[in-house]
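> One structure is given below, represented as structure tokens, and several questions about it will come after.
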Amino acid sequence: MSCWDTIADYGLRSIGIGERLLPREGYTLCQQFTLIGSGMIWNIYFGVLALCSGFFLATAVALGKASKKPVLQKASAWFIFLFRGSPLFIQFFFAYFLFLSLKPISPIFDPFTSAWLGALIVLFLNTAAYSGEIFYGALQSVPRGDIEAADAYGMSGWSRFKRVTWPTMLRLAWPAYTNEAIFLFHATTLVYFSGFPAWQQRGDALYYASFFADKTFNPFIPYPILAFYFILLTLCIISLFGLINRRLNRHLPQDARAKMKLKLNVIR
Amino acid sequence: MFSFCADPASLGDLAWMACYLTTGKHMAIYTSVFTVLLLLAITAPTALAFGFIGASSARSHFPPLSWIGKAYIAVVRGVPDIAFFLFFVIALDQLFEWIRHEIKCPDWTDSIWQGNDFVVCDIAKLPLGNAPQWVHETYGFMLAVLTFAIVFGAFAANVLYGAMRAVPHNQLETAEAYGMSRRQVYWRILVPQMWVFALPGLSNLWMVLIKATPLLFLLGVEDIVYWARELGGAKTARFTDYPHGDWRMWYFLALLVFYLLFTRVSEIVLDKVMRKLTHGQATLAGEAQRKAA
């Protein structure tokens with residue numbers, strides 16, 4: 001069996017297309033590369049959707065935490081504390097068992113116990129809390145002069161927010177937000193180790209990597225393959241976010257632009 | 001535990017709960033809280049030591065050593081840490097067994113990789129096949145600690161490397177002007193001054209370390225996550241005196257609250273420490289403190 005056959009059989013295995021059974025012998029380099037790569041589909045799915053949807057909630061939470069209304073302010077602060085103060089691993093477990101016990105109440109909750117929706121919701125709320133805190137910090141450091149200039153131009157309310165406050169906030173927050181995006185993608189590997197079942201062995205990259213490590217008793221091949229894929233993914237994220245960063249800073253002179261400096265934030 | 005627990009079926013709600021929460025297995029979950037604390041107590045200094053070695057070697061003037069240090073910092077950052085956890089537990093175990101194998105059975109001719117198996121001679125096994133249960137558990141725990149220390153050592157190395165570069169350069173130049181050797185400058189000037197710059201990063205790291213402790217479960221240690229899953233599952237009257245439905249949700253809610261309290265308390269304590277350390281420092285925060293007083 002050539003490597004092309006393997007790719008045809010297992011290239012889309014993680015979303016249920018191709019061979020039904022996972023490989024049971026051989027465990028060649030080609031099989032490992034293909035299956036772990038096909039698992040990356042789930043990591044990208046979780047990461048991209050959680051990041052895109054979380055972005056809007058994060059903005060709302062940041063505005064809420066900065067607002068003068070005590071109800072909004074307290075609610076946002078508690079939301080951020082709840083998701084930043086506890087381990088993501090425990091959040092996954094709790095959410096899974098919560099949805100499991102809601103299941104008998106109504107069939108609406110059926111899809112929530114599967115990873116594609118249930119884990120996505122947890123990741124969405126989690127990244128919203130982390131990026132909300134980042135955006136809140138950036139919102140606090142929007143220069144006063146910018147707001148005063150906007151006032152002088154007669155802008156107020158929505159138009160001032162849309163044209164001055166929000167773009168400046170994004171510009172300030174962007175390097176930290178890039179970090180958050182990288183670690184969100186890393187966090188997606190936790191999904192299939194935290195209660196959510198991998199239905200018909202359709203799992204993410206780490207699920208397949210640990211499958212091979214368990215079968216061959218040799219961790220030195222699958223995990224470096226996984227590392228290779230993730231470093232590739234991280235480089236893609238950095239370059240994509242770098243492009244957006246360039247666009248956000250396009251009006252500034254060359255030397256005043258915020259350099260993309262990656263800082264430590266690690267896991268949740 | 002209590003004397004009235006002899007016949008649980010006849011008890012009222014409150015007394016039943018008191019008895020239920022003090023069964024032998026529940027004592028195991030309470031002791032596993034100490035496992036978490038023990039892990040933190042051992043890992044934090046070990047990881048700091050690893051980080052110190054990593055940062056020092058990344059700064060080294062001997063290129064191969066600095067490459068190793070920089071690679072150590074970079075690789076751990078680029079790859080999900082949970083992958084490292086799963087990797088190191090097997091890899092370290094195999095490394096130790098292989099070293100013992102080479103020492104204890106030098107006349108073994110077969111390859112240690114036989115098909116899909118990793119085979120070492122019997123007396124090289126770790127722990128030995130006839131060792132008591134607690135040895136197995138301790139060995140598993142030590143592997144977990146070492147894994148945590150390696151991964152978090154890289155994060156600490158990153159923080160310390162940044163802190164070493166943040167120490168004002170003229171301090172080091174002055175020391176050189178006084179005729180100190182490179183080693184003396186490093187130990188007498190750089191190292192004592194870097195801690196203030198490292199503290200914000202290290203306290204962030206401590207929070208991250210707390211939040212990483214439930215991953216012990218993935219390393220095969222019987223920790224709080226393991227017991228929460230075990231105890232929370234539905235129990236019928238056939239197997240226990242305390243039958244109940246699926247309570248895992250409540251157990252994990254309790255864990256969530258435990259971790260929230262833990263991080264909150266650490267946050268408050270670290271804030272206090274930071275305030276103490278910035279007192280009188282020539283930094284923005286120190287200046288603000290001086291003005292407020």
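The values are calculated or read from the model by the stated rules, or taken from the named source; none is laboratory data. Owing to the predicted nature of the structure, the values given are computational and were not obtained by experimental measurement. Every residue, glycine among them, receives a Cβ derived from its backbone with ideal geometry; neighbour counts consider all protein chains shown. Surface areas here come from the heavy atoms of the whole protein model, side chains and all, with no ligands, DNA or RNA. Shrake-Rupley method; radii C 1.70, N 1.55, O 1.52, S 1.80 Å.
> Quick one: which of A:Tyr223, A:Tyr229 is more than 7 Å from every other protein chain (Cβ to nearest Cβ) and either at pLDDT 90 or above or under 27 Å from B:Ile210 (Cβ atoms) (or both)?
Values: A:Tyr223 fails: more than 7 Å from every other protein chain (Cβ to nearest Cβ).
Among A:Tyr223, A:Tyr229, only A:Tyr229 is more than 7 Å from every other protein chain (Cβ to nearest Cβ) and either at pLDDT 90 or above or under 27 Å from B:Ile210 (Cβ atoms) (or both).
> Right, something else. Quick test for you: out of A:Ile244, A:Ile237, pick the one residue that is open to solvent by 20 Å² or more (accessible area, probe 1.4 Å) and either among the aliphatic types (A, V, I, L, M) or within 9 Å of another protein chain (Cβ to nearest Cβ) (or both). Outline the logic, then answer.
Working: A:Ile237 fails: open to solvent by 20 Å² or more (accessible area, probe 1.4 Å).
Testing whether each residue is open to solvent by 20 Å² or more (accessible area, probe 1.4 Å) and either among the aliphatic types (A, V, I, L, M) or within 9 Å of another protein chain (Cβ to nearest Cβ) (or both) leaves just A:Ile244.
> For segment B:231-241, does any single residue satisfy the condition of being open to solvent by less than 40 Å² (accessible area, probe 1.4 Å), free of Cβ contacts under 8 Å to residues at least 60 places away in the same chain and part of a loop (DSSP other than H, G, I, E, B)?
Here is the first cut: in segment B:231-241, the residues open to solvent by less than 40 Å² (accessible area, probe 1.4 Å) are B:231-233, B:240.
Still in the running and free of Cβ contacts under 8 Å to residues at least 60 places away in the same chain: B:232-233, B:240.
Remaining after also requiring part of a loop (DSSP other than H, G, I, E, B): B:233, B:240.
Yes, the conditions are met somewhere in segment B:231-241.
> For the subset of segment B:90-109 comprising residues that are open to solvent by less than 30 Å² (accessible area, probe 1.4 Å) and under 18 Å from the mean Cα position of the chain (by Cα), which member is nearest to the other protein chains (Cβ to nearest Cβ)? Before the answer, list the steps.
Restricting attention to segment B:90-109, the residues satisfying the condition of being open to solvent by less than 30 Å² (accessible area, probe 1.4 Å) are B:91-92, B:94, B:97, B:101, B:105.
If we keep only those that are under 18 Å from the mean Cα position of the chain (by Cα) too, we end up with B:91-92.
On the way: B:Ala91: 5, B:Leu92: 10 Å.
Checked segment B:90-109; the qualifying residue nearest to the other protein chains (Cβ to nearest Cβ) is B:Ala91.
> Follow-up. Take segment A:63-72 and flag every residue that is in contact with a helix residue (DSSP H, G or I) (Cβ under 6 Å, 6 or more places away or on another chain) and either of a type in the set (A, V, I, L, M) or in a helix (DSSP H, G or I) (or both). Walk me through how you get there before you give the answer.
Going through segment A:63-72, the residues in contact with a helix residue (DSSP H, G or I) (Cβ under 6 Å, 6 or more places away or on another chain) turn out to be A:64-67, A:72.
Hits for segment A:63-72 are A:Gly64, A:Lys65, A:Ala66, A:Leu72.
> Go through A:Phe196, A:Phe220, A:Phe211 for me and flag whichever is open to solvent by 20 Å² or more (accessible area, probe 1.4 Å), farther than 30 Å from A:Leu170 by Cα and part of a loop (DSSP other than H, G, I, E, B). Quick ask: steps written out before the conclusion?
Numbers: A:Phe196 fails: open to solvent by 20 Å² or more (accessible area, probe 1.4 Å); A:Phe211 fails: part of a loop (DSSP other than H, G, I, E, B).
Only one candidate passes the filter, namely A:Phe220.
> To continue, here is another question. From the list A:Ala150, A:Ala119, which residue is in contact (Cβ under 8 Å) with a residue 60 or more places away in the chain and open to solvent by less than 40 Å² (accessible area, probe 1.4 Å)? If you could, list the steps in order and put the result at the bottom.
Working: A:Ala150 fails: in contact (Cβ under 8 Å) with a residue 60 or more places away in the chain.
Of A:Ala150, A:Ala119, the one residue that is in contact (Cβ under 8 Å) with a residue 60 or more places away in the chain and open to solvent by less than 40 Å² (accessible area, probe 1.4 Å) is A:Ala119.
> Considering only residues that are in a helix (DSSP H, G or I), open to solvent by less than 60 Å² (accessible area, probe 1.4 Å) and touching a residue at least 60 places away in the same chain (Cβ under 8 Å), which ones fall in segment A:1-30?
A:Arg13, A:Ser14
> A further question follows. State which residue pairs qualify: first residue touching a residue at least 24 places away in the same chain (Cβ under 8 Å) and inside segment B:49-60, second residue among the small types (Gly, Ala, Ser) and surrounded by fewer than 19 Cβ atoms within 10 Å (Cβ to Cβ) in any location, beta carbons under 8 Å apart, and separation of 6 or more residues or different chains.
B:Ala58/B:Ser66; B:Arg59/B:Ser66
> From the list A:Leu82, A:Leu49, A:Leu35, exactly one residue is in a helix (DSSP H, G or I), within 12 Å of chain B (Cβ to nearest Cβ) and out of contact with any Gly (no Cβ under 8 Å at 6 or more places or on another chain). Which is it? Break it down into steps so the answer makes sense when it comes.
Details: A:Leu49 fails: within 12 Å of chain B (Cβ to nearest Cβ); A:Leu35 fails: within 12 Å of chain B (Cβ to nearest Cβ).
Being in a helix (DSSP H, G or I), within 12 Å of chain B (Cβ to nearest Cβ) and out of contact with any Gly (no Cβ under 8 Å at 6 or more places or on another chain) holds for just one of A:Leu82, A:Leu49, A:Leu35, which is A:Leu82.
> Open to solvent by less than 40 Å² (accessible area, probe 1.4 Å), touching a His at 6+ places or on another chain (Cβ under 8 Å) and farther than 21 Å from B:Phe258 by Cβ - does that describe any residue in segment B:66-80? Step through it out loud before you land on a result.
Just the residues of segment B:66-80 that are open to solvent by less than 40 Å² (accessible area, probe 1.4 Å), to begin with: B:66, B:69, B:73, B:76, B:78-80.
Next, only the ones that are touching a His at 6+ places or on another chain (Cβ under 8 Å) stay: B:79-80.
Filter once more, so that each one left must be farther than 21 Å from B:Phe258 by Cβ: B:79-80.
The answer is yes, given that some residue of segment B:66-80 is open to solvent by less than 40 Å² (accessible area, probe 1.4 Å), touching a His at 6+ places or on another chain (Cβ under 8 Å) and farther than 21 Å from B:Phe258 by Cβ.
> Mind listing just one residue for me: the one in segment A:160-193 that is crowded, with 20+ Cβ neighbours inside 10 Å and among the polar types (S, T, N, Q) and, of those, nearest to the other protein chains (Cβ to nearest Cβ)?
Taking the candidates together, the pick is A:Thr189.
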